[in-house]
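Student: The structure's right below; bear with me while I get my questions together.
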Amino acid sequence: MAGKTSRTSARVTKETAAEAATTNPVLLSGGNPQIAKGYGDAPVHAYIAAMPGWKRDVGRRLDALITRTVPDVHKAVKWNSPLYGIEGQGWFLGVHCFAKYIKLAFFRGTSLSPIPPGESKQREVRYFHIHEEDQLDEAQLAAWVEQASQLPGERM
């Protein structure tokens with residue numbers, strides 16, 4: 001049953017995501033949207049819709065870039081953060097809003113080339129921060145996403 005979702009839990013997840021998309025989610029300290037745990041596009045899109053200000057447009061661009069780069073990507077929201085992964089292989093990328101930036105967490109980031117600049121206390125994790133005034137290098141982001149999707153993912 002690992003990796004399977006019952007029809008009831010899939011329906012409940014879709015209903016919860018739909019409710020989150022139609023209500024005003026609470027923004028946690030630092031501006032991160034509080035979105036119920038769920039799997040698939042709906043909870044990720046609810047999270048993006050709840051991202052404050054300029055972060056919403058960047059969230060849409062990131063989700064589109066990830067989906068375009070890894071067409072079979074699996075999505076979820078856990079711990080109030082969208083996660084992207086490959087079914088059966090784990091998660092390769094997480095997104096989290098902070099007051100002044102969006103943090104991308106590459107769970108096997110030390111294996112990427114070039115290595116994303118943000119260091120972590122976790123041995124293999126590397127971060128990339130996106131600030132409002134930043135010009136996104138979408139080619140570099142797509143290269144990291146493609147590389148990350150081909151590595152063993154993080155089990156969460």
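Student: Could you please let me know if residue 90 is in contact with an Asp or Glu (Cβ under 7 Å, 6 or more places away or on another chain) and either within 17 Å of residue 57 (Cα to Cα) or surrounded by fewer than 20 Cβ atoms within 10 Å (Cβ to Cβ) (or both)?
Tutor: Spelling it out, residue 90 is indeed in contact with an Asp or Glu (Cβ under 7 Å, 6 or more places away or on another chain) and either within 17 Å of residue 57 (Cα to Cα) or surrounded by fewer than 20 Cβ atoms within 10 Å (Cβ to Cβ) (or both).
Student: Follow-up question, since we're still on this one. Pull out all pairs, ordered by first then second residue, where Cβ-Cβ is under 6 Å, the residues are six or more apart or on different chains, the first lies in the range 52-77 and is of a type in the set (Ser, Thr, Tyr), and the second is assigned to a helix (DSSP H, G or I) and buried (at least 16 other Cβ atoms within 10 Å of the Cβ).
Tutor: Pairs that qualify, where the first residue is of a type in the set (Ser, Thr, Tyr) and the partner is assigned to a helix (DSSP H, G or I) and buried (at least 16 other Cβ atoms within 10 Å of the Cβ), are 69/145.
Student: On to the next question. Can you name the residue in the range 135-153 that is assigned to a loop (DSSP other than H, G, I, E, B) and open to solvent by 60 Å² or more (accessible area, probe 1.4 Å) and, of all such residues, is nearest to residue 54 (Cα to Cα)?
Tutor: Of everything passing the filter in the range 135-153, 135 is nearest to residue 54 (Cα to Cα).
Student: State which residue is surrounded by the most Cβ atoms within 10 Å (Cβ to Cβ) when the search covers only the range 31-68 and only residues that are part of a helix (DSSP H, G or I) and aromatic (Phe, Trp, Tyr).
Tutor: Looking at the filtered set, the residue picked out is 47.
Student: To continue, here is another question. Take the conditions of a type outside the set (A, V, I, L, M, F, W, C), touching a Leu at 6+ places or on another chain (Cβ under 8 Å) and either open to solvent by 60 Å² or more (accessible area, probe 1.4 Å) or within 24 Å of residue 52 (Cβ to Cβ) (or both) and apply them to residue 101. Does it pass?
Tutor: So residue 101 fails the test.
The values are calculated or read from the model by the stated rules, or taken from the named source; none is laboratory data. Since the structure is predicted, the reported quantities are computational estimates derived from the model, not experimental observations. Cβ: placed from backbone, ideal geometry, glycine included. Neighbour counts: every protein chain shown. Side chains included, ligands, DNA and RNA excluded: accessible areas come from the protein's heavy atoms. Shrake-Rupley method; radii C 1.70, N 1.55, O 1.52, S 1.80 Å.
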